[in-house]
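For reference, the structure discussed in these notes is given below.
The values are calculated or read from the model by the stated rules, or taken from the named source; none is laboratory data. Quick caveat, the model's predicted, so the values are computed rather than measured. Reconstructed Cβ throughout: ideal geometry from the backbone, glycine too, with neighbour counts over all protein chains shown. We work out accessible area using only protein heavy atoms, side chains counted, and drop any ligands, DNA or RNA first. Shrake-Rupley method; radii C 1.70, N 1.55, O 1.52, S 1.80 Å.
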Amino acid sequence: MFAWTWLITAYLLIAIMPVLAGAVTMTLTDRHFGTSFFNAAGGGDPVLYQHIFWFMGHPEVYVLILPSFGIISMVVPTFARKPLFGYSSMVYATASIAILSFIVWAHHMFTAGMPVTGQLFFMYATMLIAVPTGVKIFNWLATMWRGSMTFETPMLWAVGFISMFLIGGFSGVAEAVAPVDTQFHNTYQVIAHFHYTMAIGVLFAIFMAFYYWSPKWTGTMYNERAGQIHFWLTMIGANLTFFPQFFLGAGGMVRRYADYPVQFADFNMISSIGSFIFGLAQAYFLFAVVLPVIRRHGRPAPQRPWEGAHGLEWEVPSPAPFHTFSTSPRLDETATRVLHIE
């Protein structure tokens with residue numbers, strides 16, 4: 001699944017980066033060569049820039065999150081000791097998310113003077129993209145169901161990822177409704193939603209990948225207790241930082257302001273305390289987890305440190321040698337088990 005998500009992400013990047021390049025080029029020619037793509041005084045349309053930017057910008061968030069989906073799709077089956085539930089549906093759901101991401105860009109622009117017909121289209125399209133995402137959540141939970149689960153640090157990050165992403169996803173469904181988004185637009189509601197899905201989701205996936213594959217990368221096991229402390233500090237800090245912002249946004253606090261009314265002070269104080277906890281947790285991660293692993297201060301990692309792990313990387317010693325396979329390994333018909341390696 002990790003390979004599938006990266007393949008689909010690569011196609012997304014090929015499709016959207018030229019659009020960004022075009023927007024940048026038109027902006028530069030407007031500024032320096034007298035064109036009027038976005039200059040209303042010369043007959044251009046400033047809203048056109050928003051359309052072009054968000055046509056790139058919304059698929060871009062899936063460029064970040066789809067590889068994260070691939071990582072969790074590797075970790076959950078390992079620690080549930082079960083094959084991934086609905087493998088084919090996971091691939092189709094990933095591809096569906098990528099395709100649908102190209103037709104939802106203007107939900108960022110509900111307050112830009114869009115006609116009602118356009119609002120309806122982008123509202124329903126945005127709600128539709130929740131369906132394949134829900135398929136992925138269901139499959140991860142079904143993989144855990146009645147599995148022989150253990151909660152080493154990578155699995156903690158996986159469970160944390162699912163719970164945090166669900167909070168962000170549900171808030172995104174609310175923002176997909178055009179009349180609701182008219183109230184939430186440019187408030188801290190959007191800040192909270194984005195960080196629960198993108199910042200926390202992607203960051204949790206990166207930590208998950210580190211704890212899962214670092215024994216294979218370095219040949220050294222990390223300190224399990226330190227890893228779990230890092231997880232819980234991060235969970236507490238992240239929720240204290242961003243969950244109060246849902247209430248701030250619902251109360252009408254606009255983002256990008258240097259000051260705010262006194263009625264928002266308490267929730268902002270909680271959010272500030274949480275951000276310090278969150279930052280200190282990452283400093284703890286660097287000094288208590290990463291540096292000891294880099295300096296090989298932990299116990300040597302076995303070839304297969306996780307009992308339920310499957311994949312070619314677990315068929316070679318830790319750390320993986322250069323020129324890993326002298327010839328291509330021969331797999332069984334399902335490509336899940338290595339039959340022969342030279």
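A few notes on this one:
- Mean residue ellipticity at 222 nm, helices only, the chain: -21500 deg cm²/dmol; runs of at least 4 DSSP H residues each add -39,500 (n - 2.57), and the sum is divided by the number of residues.
- Values of log10 I(q)/I(0), in the order q = 0.08, 0.10, 0.11, 0.15 Å⁻¹, for the chain under a Debye, Cα-only, solvent-free model: -0.47, -0.72, -0.86, -1.33
- Accessible surface of region 171-267, 1.4 Å probe, proportion on carbon and sulfur as whole %: 66 percent
- Placing unit charges on the Cβ atoms of the charged side chains and taking the dipole of the chain about its Cα centre, the candidate lying farthest along the positive direction among VAL19, ALA106, THR153 is THR153.
- Of the DSSP H helices in the chain, those with a Cα length along their own long axis of 27 Å or more and a mean Kyte-Doolittle hydropathy reaching -1.0 comprise 2-32, 46-80, 153-176, 224-250, 265-285.
- Here's how it looks for MET253: its modeled amide H is under 5 Å from those of TYR188, which are all 5 or more places away or on a different chain.
- Proximal charge balance of HIS193 [Cβ under 15 Å; K/R count +1, D/E count -1]: -1
- Under 5 Å, built H, 5+ apart or other chain: amide partners of LEU331: LEU339
- Contact order, relative form, for region 168-267: 41 percent (alpha carbon pairs under 8 Å, 6 or more residues apart, mean separation divided by residue count).
- Inter-label distance for GLU307 and ALA3, nm, one decimal - labels placed 7 Å from Cα along Cα-to-Cβ: 2.8 nm
- With the highest mean first, a sort of the peptides 322-329, 31-38 on other beta-carbon atoms found within 10 angstrom per residue produces 31-38, 322-329.
- Accessible area expressed per residue, the chain, with surrounding protein chains retained (probe 1.4 Å, Å²): 51 Å²
- Inter-label distance, nm, simple model (7 Å from Cα along the C-beta direction), ALA142/ALA112: 3.8 nm
- Sequence ranges 234-242, 19-27, ranked by mean other-Cβ count within 10 angstrom, highest first: 234-242, 19-27
- For the listed peptides 186-194, 10-18, 68-76, 146-154, a ranking on the average number of other beta carbons within 10 Å per residue, highest first, reads 68-76, 186-194, 146-154, 10-18.
- Residues with amide H under 5 Å from that of THR220, placed H, sequence gap 5 or more: ALA301
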